[in-house]
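Asks: Let me give you the structure first, and then I'll get to my questions.
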Amino acid sequence: MPRPRELPDRARVVVIGGGVGGASIAYHLAQLGESDVVLVDRDELTSGSTFHSAGLVGQLRSSVSLTTMMMYSVELYQSLDCGWVECGGIRLACTPEREQEVHRQVAWARTFGLPLELLSAEEAAAKFPLMSTDGVRVASYLPTDGYLDPSQLTYALAEGARGGGVRIFTHTRVTGIEVVDGRVQAVETQWGRVACERVVIAGGMYAAELGRLAGVRIPVVPMAHEYLVTQPFRDRSVGPRHLPTLRDPDNLIYFREEGEGLVMGGYERHCAPWSLDEHLVDRIPPDFNGRLLEEDWPRFEEIALASKVRVPAMEDVKVTKLINGPEAFTPDNEFCLGETEVDGLFVAAGFCAHGLAGAGGIGKVMAEWIVAGEPQMDLWHMDIRRFGPQYRSPAYTLKRTKEVYETYYDIHYPNEERAAGRPLKVSSNYVWHLAHGAAFGEKSGWERVNWYGSNAGEGDAGLRPRGWAGQHWSPAIGAEHRAVRERAGLFDESSFAKFEVSGPGAAEFLESLCDNKVARDVGRITYTQMLNARGGIECDFTVTRLAEEAFQIVTGTAFGQHDRSWITRHAPRDGSVAVVDTTSRWACFALWGPRARDVLAPLTPDVLDFPYMSMREIMVGDVPVRALRVTFVGEYGWELYCPTEYGAALWRTLWESGAPHGVFAGGYRAIDSLRLEKGYRVWGADITPDQTPHEAGLSFCVREDKEFLGAGALRELGGVGGAGSRLVCLVLEDPRSVALGNEPVAVDGRVVGRVTSGGYGYTVGASIAYAYVPVAYAAPGVEVAVDVFGTWVAGVVTAEPLYDPASARVKGVQTGTTPTPTMG
């Protein structure tokens, strides 16, 4: 039995978990001068999942923020006495599709200044002589990747934390987390209570159990992950002193050196969730500390067989140990970070077997978040708030988590759709969409139409983009695009997130958060942003004033959780403001195009002459409708909202009225093409918390005559003139070379920026991309080149929007005029 610990009565921050994540958070809090920190662990440091980590560290990831975090991790490890070995890392490509992925990664790396090199199979074998080149088409090599010992790193971080005043208590089990009025108050342990202002759950595979102590759902699943360690078999005096790490995703395997032997593991197609009860809730044994699971050779067989193909020596080597240890995975294979719905309760968990690579960056961003009260970089795709209420279901969480584990090494193309746990949330018109050949995508649990297969015959198959952009594509996208420009399109947007902000303090409250003026006349609609304290764009949506004390906010499907959390966290607690999610109350159908009025007018006795960016309550057939004169495609029309129970009737009424006018039902992929031509931004891609409205070309939204969150930061940055970079529109010379996002943009051979989003514009007949570039290169006419899968495609900065620059079609009443393509 451990001796009792003498815990302090109080600390500002309590970190629960002494693995590499918790130790890194404590270390970085101390680096920021936050010394009143207590870290507790149920057993010894590293005794959860950390001690059995395979130890590989790779830097290039799928997002800007995550790659930045990994790069910081390496920089930190280079400065610590933690056994860091900078041996480099190789990634093989054995199929044409994987070869394209490698070319894309090499281009992506350039935007960070990472020295990722393209290697032939023979060059890769020269660096890793044990490998066979059979089937290898090409490889990439990053010399600054490496590996390290997880326990050595954790203890180095703990030592640094202690040096900064952090107190660490092992063998201290947490038994409760005290919450009062939605705010954390204290941590209860076997040795007593510690009052605190902040709690960080960094408990790895135990995180969900710890979250339940505070009534919070943390959607992580313990997954049994295996790798083996061989006995020594190679002569290190011959060939390279250190072997680089080696990943062969087409064969699901990875390697790193272990002295004169190897570590080898992978991600099998039949995964093994661990320690779940009959309700699929994690129930990890209380004494499971510093332990491994039994070896599971049958499950590891496919990995072992693949390893012998790539490294023939694996046929004869002796195995020291098959390591089988549980690791916490999330339903989307991204970290689970940030503040939960309980104020002051943070989480850093779900590291998905790459927590060692990310530990330095995780500690840094979490410490900054805790101290500043908001993240200091765009972390939305890692934010716990991204998980909607459906993830309270252990069954749904498990389905999604198994899917990401079993496809860990698959090529994930842009616009790829996941299959697990579907369908879940559907619109009132779902059955109609099915009957008419809808190709569904999924976002935040919602089934949404990407396009209708029945429209494909009206499209041009010859416009299929080259390479990855041609995956998950249909000629129907172009047909639906042109229908909106030439006639009218009908879209089901019921999945859009909707909130009502009401109460006597609602107007003042929204004015304090929005950069634009939103407390306008009743019936007016305002496009606005909400900014963080750095002046970055935290939310991007429309606000409609419904009444003197009531406002409707409409935002993107995937951003509802984020935006609602941002708004409620800043709302006053005196009862003067209520924030209610009304997404499921309202069906929403968009009718846009030059013949939209011809479709709607016969259906309503109400006058339709209300202006752009305004709202009216009207009748459409037998359905009461809230009609908003807004657009996201650059055409005249409305978003028509009705109570969900009327949805099917409203759609049927509009469809029947539209038939004589050639109305097409359309999907979200057509909307994306239409919005690119019009230059409408998408939050999370073109605009993020790391860009200001001035950089994003949204200065017209910023009201200088009022105060709002972030206004001071904008002034400190110099206003419009202080923007160092600008979001610009690029038109590429080759219309079938389509940028997908993250491609490097070069001027005179030097990389100056990266693409945020791209696609093909069916009206303007061009490949369009948006990118942030320094102001010096932001003027129309600047010639650029964009690396699209290893080929530099020429392009030019072009005045935006490309389509209808005067917005005459948006503001005026159109009556069937065919649009004239415009470029600039």
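The values are calculated or read from the model by the stated rules, or taken from the named source; none is laboratory data. Keep in mind it's a predicted model, so treat the numbers as computed, not measured. Neighbour counts run over all protein chains shown; Cβ positions are idealised from the backbone, glycine included. For the accessible areas, the whole protein counts, side chains as well, though only heavy atoms, and no ligand, DNA or RNA atoms are used. Shrake-Rupley method; radii C 1.70, N 1.55, O 1.52, S 1.80 Å.
Asks: Can you list, bin by bin at 20 Å, the percent of alpha carbon pairs in the chain, starting at 0?
Replies: 15, 46, 33, 6, 0
Asks: Taking every pair of Cα atoms in the stretch 300-339, average 1/r, invert it to obtain the Kirkwood radius, and report Rg/Rh to two decimals. Walk me through the numbers before you get to the answer.
Replies: Numbers: Rg = 16.0 Å, Rh = 13.3 Å.
So for the stretch 300-339, dividing Rg by the Kirkwood Rh gives 1.20.
Asks: Calculate, axis by axis, the spread of Cα positions in the stretch 336-398 along the three principal axes, and write the results as whole Å, longest axis first.
Replies: Cα spread of the stretch 336-398 along its principal axes, largest to smallest: 34, 28, 18 Å.
Asks: As a check on your grasp of the helix formula, calculate [θ] at 222 nm for the chain: sum -39500 (n - 2.57) over DSSP H runs of n ≥ 4, divide by the residue count, round to the nearest 500.
Replies: On the way: 18 runs with 190 residues, N = 824.
Computed ellipticity for the chain at 222 nm equals -7000 deg cm²/dmol.
Asks: Okay, next question. Please compute the per residue accessible area over the chain with all protein chains in place, 1.4 Å probe, rounded to a whole number of Å².
Replies: 36
Asks: How about the stretch 213-297: which chymotrypsin sites (Phe, Trp or Tyr not before Pro) there are in a DSSP loop, with at most 15 other Cβ atoms within 10 Å of their Cβ?
Replies: Values: sites: TYR227, PHE233, TYR254, PHE255, TYR267, TRP274, PHE288; in loops: PHE233, TYR267, TRP274, PHE288.
Listed in order of number, the matching sites are PHE233.
Asks: Now a separate question. Out of every Cα pair in the stretch 485-589, what percent are spaced more than 16 Å from each other?
Replies: Values: 3123 of 5460 pairs.
Of all Cα-Cα pairs in the stretch 485-589, 57 percent lie more than 16 Å apart.
Asks: I need the trypsin sites (Lys or Arg not before Pro) found in the stretch 569-646, filtered to DSSP loop residues with at most 10 other beta carbons within 10 Å of theirs.
Replies: Numbers: sites: ARG569, ARG573, ARG585, ARG595, ARG597, ARG616, ARG626, ARG629; in loops: ARG573, ARG595, ARG629.
Filter output for the stretch 569-646: ARG573.
Asks: Over the stretch 407-490, what portion of Cα pair distances is larger than 22 Å, expressed as a whole percent?
Replies: Counting every Cα pair in the stretch 407-490, those more than 22 Å apart make up 34 percent.
Asks: From largest to smallest, what semi-axes in whole angstrom does the stretch 514-652 give when each is the square root of 5 times an eigenvalue of its alpha carbon gyration tensor?
Replies: Values for the stretch 514-652, descending: 28, 16, 14 Å.
Asks: Using the reciprocal of the averaged 1/r over all distinct C-alpha pairs, how large is the Kirkwood radius of the stretch 1-84 in Å?
Replies: After inverting the mean inverse Cα-Cα distance, the result is 15.0 Å.
Asks: Using a Förster radius of 41 Å, what is the FRET efficiency between LEU118 and HIS436 based on their Cβ-Cβ separation? Nearest 0.05, please.
Replies: 0.35
Asks: At a 10 angstrom cut-off on C-beta neighbours, averaged per residue, how do the peptides 237-243, 131-137 rank from highest to lowest?
Replies: Working: 237-243: 12.6, 131-137: 16.4.
Order by mean packing, descending: 131-137, 237-243.
Asks: Further, regarding this structure: What number in nm² do you get for the stretch 554-594 if you take the convex hull of its Cα atoms and divide its surface by four?
Replies: Averaged projected hull area, Cα only: 4.3 nm².
Asks: Here's another thing I want to ask about it. Please report, to one decimal in angstroms, the Kirkwood hydrodynamic radius of the stretch 589-671 built from all distinct Cα-Cα pairs. Numbers along the way, then the final one.
Replies: Working: mean 1/r = 0.0778 Å⁻¹.
One over the average 1/r among Cα pairs gives 12.9 Å for the stretch 589-671.
Asks: Next question, about the same structure. If you take all C-alpha pairs in the stretch 239-330, what percent of them are over 21 Å apart?
Replies: That tail contains 43 percent of the Cα-Cα pairs.
Asks: Next up: To the nearest 20 debye, what charge dipole does the stretch 594-684 have about its Cα centre, counting +1 at the Cβ of each Lys and Arg and -1 at the Cβ of each Asp and Glu?
Replies: Its charge dipole is roughly 320 debye.
Asks: May I pose another question? Explain nothing, just the number: dipole magnitude of the stretch 310-426 about its Cα centre with +1 on each Lys and Arg Cβ and -1 on each Asp and Glu Cβ, in debye rounded to the nearest 20.
Replies: 420
Asks: A further question on this structure: Run the quick spin-label model on ASP277 and GLU549: label points 7 Å from Cα toward the beta carbon, then report their separation in nm to one decimal.
Replies: Placing both labels 7 Å along Cα→Cβ, they lie 4.5 nm apart.
Asks: Given +1 on the Cβ of Lys and Arg, -1 on the Cβ of Asp and Glu, and no further charges, what dipole in debye does the stretch 425-529 carry about its Cα centre, rounded to the nearest 20?
Replies: Result for the stretch 425-529 is approximately 260 debye, rounded to the nearest 20.
Asks: For a quick check of understanding: with a 1.4 angstrom probe and all protein chains in place, what accessible area in square angstrom does PHE610 have, to the nearest ten?
Replies: Its accessible surface works out to 10 Å², give or take rounding.
Asks: Pick out, from ALA711, GLY363, ALA746, the residue whose Cα sits farthest towards the positive end of the charge dipole of the chain, with +1 on the Cβ of Lys and Arg and -1 on the Cβ of Asp and Glu.
Replies: ALA711
Asks: How long, wide and thick is the stretch 637-739, going by the Cα atoms along their three principal axes, in whole angstroms, largest first?
Replies: Here the spans come out as 55, 42, 20 Å, largest first.
Asks: How large is the Rg to Rh ratio of the stretch 280-400 when both quantities use alpha carbon positions and Rh follows Kirkwood? Write down the numbers at each step before the final one.
Replies: Values: Rg = 18.6 Å, Rh = 17.5 Å.
Across the stretch 280-400, the Cα-based Rg/Rh ratio is 1.06.
Asks: Evaluate the Debye formula for the stretch 496-550 with equal point scatterers sitting on the alpha carbons, no solvent, and hand back log10 of I(q)/I(0) at q = 0.22, 0.26, 0.28, 0.31 Å⁻¹, in q order, two decimals.
Replies: After summing over all Cα pairs, the log10 values are -0.83, -1.10, -1.22, -1.37.
Asks: Please compute P(r) over all alpha-carbon pairs of the stretch 221-271, binned at 5 Å starting from zero, and give each bin as a whole-number percent.
Replies: 5, 18, 24, 22, 15, 10, 4, 2, 0
Asks: A follow-up question, please. On a C-alpha basis, how far is the centre of the stretch 553-624 from the centre of the stretch 639-699 in Å? Whole number, if you could?
Replies: About 12 Å separates the Cα centre of the stretch 553-624 from the one of the stretch 639-699.
Asks: If you project the alpha carbons of the stretch 117-211 onto their three principal axes, what span does each projection cover, largest first, in Å?
Replies: Ordered largest first, the stretch 117-211 gives principal extents of 62, 30, 21 Å.
Asks: Okay, next question. Please sort by residue number the chymotrypsin sites (Phe, Trp or Tyr not before Pro) in the stretch 575-655 whose DSSP state is loop and whose Cβ has at most 11 other Cβ atoms within 10 Å.
Replies: none
Asks: Quick one: how many lysine pairs does the chain have with C-alpha atoms less than 14 Å apart and a gap of 8 or more or different chains? Give me the count, please.
Replies: 4
Asks: Between the stretch 89-116 and the stretch 383-420, what's the alpha-carbon centroid distance in Å?
Replies: 24
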